[in-house]
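Got a structure for you, written out below as structure tokens; questions coming shortly.
The values are calculated or read from the model by the stated rules, or taken from the named source; none is laboratory data. Predicted model only: the values in this text are computed from it and were never measured. So basically every Cβ, Gly included, is an ideal-geometry build from the backbone, and we count neighbours across all protein chains shown.
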Ligand SMILES: CC(C)(COP(=O)(O)OP(=O)(O)OC[C@H]1O[C@@H](n2cnc3c(N)ncnc32)[C@H](O)[C@@H]1OP(=O)(O)O)[C@@H](O)C(=O)NCCC(=O)NCCS
């Protein structure tokens with residue numbers, strides 16, 4: 001039986017990840033969707049957390065992707081770290097069979113293992129609420145997208161050790177590559 005393998009991306013995954021993103025976010029008005037460049041640029045910044053770029057592999061093929069990268073809460077150069085989830089993508093021919101849910105959950109589990117406490121996301125609550133995401137503005141978290149209401153969401157991860165950091169509140173600052181999407 002073919003099973004889904006969930007693992008952090010490696011150097012050989014860059015091309016396959018680009019192809020999954022390009023296919024999942026394809027639009028008639030652009031040749032390459034901005035999500036492809038976003039991931040390429042984030043990979044070269046200190047926002048990149050290698051353990052939290054998660055691929056889903058099915059039958060030896062990369063079919064899904066969920067990325068968690070670093071954001072800062074409270075001040076642009078502030079010391080309070082959090083994570084943003086996205087892009088999340090599944091190759092069109094493998095959508096709606098659970099791969100998206102599995103790869104996002106794997107990324108969140110890996111973040112919990114690293115003692116991360118907070119993840120924000122901009123997306124459809126119909127997909128993200130299954131992981132426990134709720135409206136971020138009601139948790140005291142603001143961003144350029146907070147005015148959108150429901151799509152601006154956050155999730156507090158469970159503390160994995162007794163010394164877990166407190167959950168941050170305030171303005172969420174995204175690294176420069178995010179300004180392009
Ligand atoms: C969103 C996406 C990652 C989901 O992956 P998937 O493997 O199809 O998802 P799963 O099979 O794990 O889960 C499917 C569930 O998510 C829901 N769902 C799927 N795509 C959705 C979308 N774009 N918006 C909202 N809900 C969505 C389905 O209704 C289904 O719900 P159910 O479990 O109650 O039946 C995938 O459809 C995709 O790559 N879409 C294009 C890229 C995109 O829009 N990414 C950002 C999402 S906000």
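Does residue 16 meet the test of being within 19 Å of residue 121 (Cα to Cα) and touching a strand residue (DSSP E or B) at 6+ places or on another chain (Cβ under 8 Å)? Give the steps one after another, and end with the answer.
Numbers: within 19 Å of residue 121 (Cα to Cα): no; touching a strand residue (DSSP E or B) at 6+ places or on another chain (Cβ under 8 Å): yes.
For residue 16, the condition - within 19 Å of residue 121 (Cα to Cα) and touching a strand residue (DSSP E or B) at 6+ places or on another chain (Cβ under 8 Å) - is not met.
Does residue 158 fit the bill of being at pLDDT below 95 and farther than 30 Å from residue 59 by Cα?
On the way: at pLDDT below 95: yes; farther than 30 Å from residue 59 by Cα: yes.
Considered against the rule, which asks whether it is at pLDDT below 95 and farther than 30 Å from residue 59 by Cα, residue 158 comes out as yes.
Quick check on this structure: which one of 63, 84 is surrounded by 20 or more Cβ atoms within 10 Å (Cβ to Cβ) and within 20 Å of residue 129 (Cα to Cα)?
Values: 63 fails: within 20 Å of residue 129 (Cα to Cα).
Answer to the check: 84.
Between 74, 15, 37, which is modelled with pLDDT of 95 or more and more than 16 Å from the ligand (Cβ to nearest atom)? Lay out the reasoning, then the answer.
Numbers: 74 fails: modelled with pLDDT of 95 or more; 37 fails: more than 16 Å from the ligand (Cβ to nearest atom).
On inspection, the qualifying residue turns out to be 15.
Going through region 115-142 one residue at a time, which ones are more than 12 Å from the ligand (Cβ to nearest atom), assigned to a loop (DSSP other than H, G, I, E, B), surrounded by 15 or more Cβ atoms within 10 Å (Cβ to Cβ) and modelled with pLDDT of 95 or more?
Passing the criteria: only 136.
Sticking with this structure for a sec: Residues 15, 37: which one is in a helix (DSSP H, G or I) and under 15 Å from residue 90 (Cα atoms)? Let's see the steps before the verdict.
Working: 37 fails: under 15 Å from residue 90 (Cα atoms).
Answer to the selection: 15.
Let me ask another. Could you please find all residues in region 40-59 being in a strand (DSSP E or B), touching a residue at least 24 places away in the same chain (Cβ under 8 Å) and closer than 17 Å to residue 84 by Cβ? Working first, answer last.
Of all residues in region 40-59, those in a strand (DSSP E or B) come to 48-58.
So of that shortlist, the ones also touching a residue at least 24 places away in the same chain (Cβ under 8 Å) come out as 49-58.
Selection gives 49, 50, 51, 52, 53, 54.
Can residue 22 be described as assigned to a helix (DSSP H, G or I), surrounded by 15 or more Cβ atoms within 10 Å (Cβ to Cβ) and touching a helix residue (DSSP H, G or I) at 6+ places or on another chain (Cβ under 6 Å)?
When the stated conditions are applied, residue 22 passes them.
Every residue in region 3-12 that is touching a strand residue (DSSP E or B) at 6+ places or on another chain (Cβ under 7 Å) and outside any loop (DSSP other than H, G, I, E, B), please.
The initial filter retains those residues of region 3-12 that are touching a strand residue (DSSP E or B) at 6+ places or on another chain (Cβ under 7 Å), namely 4-9.
Those that are touching a strand residue (DSSP E or B) at 6+ places or on another chain (Cβ under 7 Å) and outside any loop (DSSP other than H, G, I, E, B): 4, 5, 6, 7, 8.
Counting only residues that are more than 9 Å from the ligand (Cβ to nearest atom) and touching a strand residue (DSSP E or B) at 6+ places or on another chain (Cβ under 6 Å), how many does region 82-114 have?
Within region 82-114, residues that are more than 9 Å from the ligand (Cβ to nearest atom) and touching a strand residue (DSSP E or B) at 6+ places or on another chain (Cβ under 6 Å) number 8.
Could you tell me which numbered condition residue 103 fails, if it satisfies all but one of (1) surrounded by 21 or more Cβ atoms within 10 Å (Cβ to Cβ); (2) closer than 20 Å to residue 172 by Cα; (3) within 14 Å of the chain's Cα centre (by Cα)?
If we test residue 103 against (1) surrounded by 21 or more Cβ atoms within 10 Å (Cβ to Cβ); (2) closer than 20 Å to residue 172 by Cα; (3) within 14 Å of the chain's Cα centre (by Cα), just (2) comes out false.
Which residue out of 82, 66 is in contact (Cβ under 8 Å) with a residue 60 or more places away in the chain and under 12 Å from the mean Cα position of the chain (by Cα)? Outline the logic, then answer.
Working: 66 fails: in contact (Cβ under 8 Å) with a residue 60 or more places away in the chain.
On inspection, the qualifying residue turns out to be 82.
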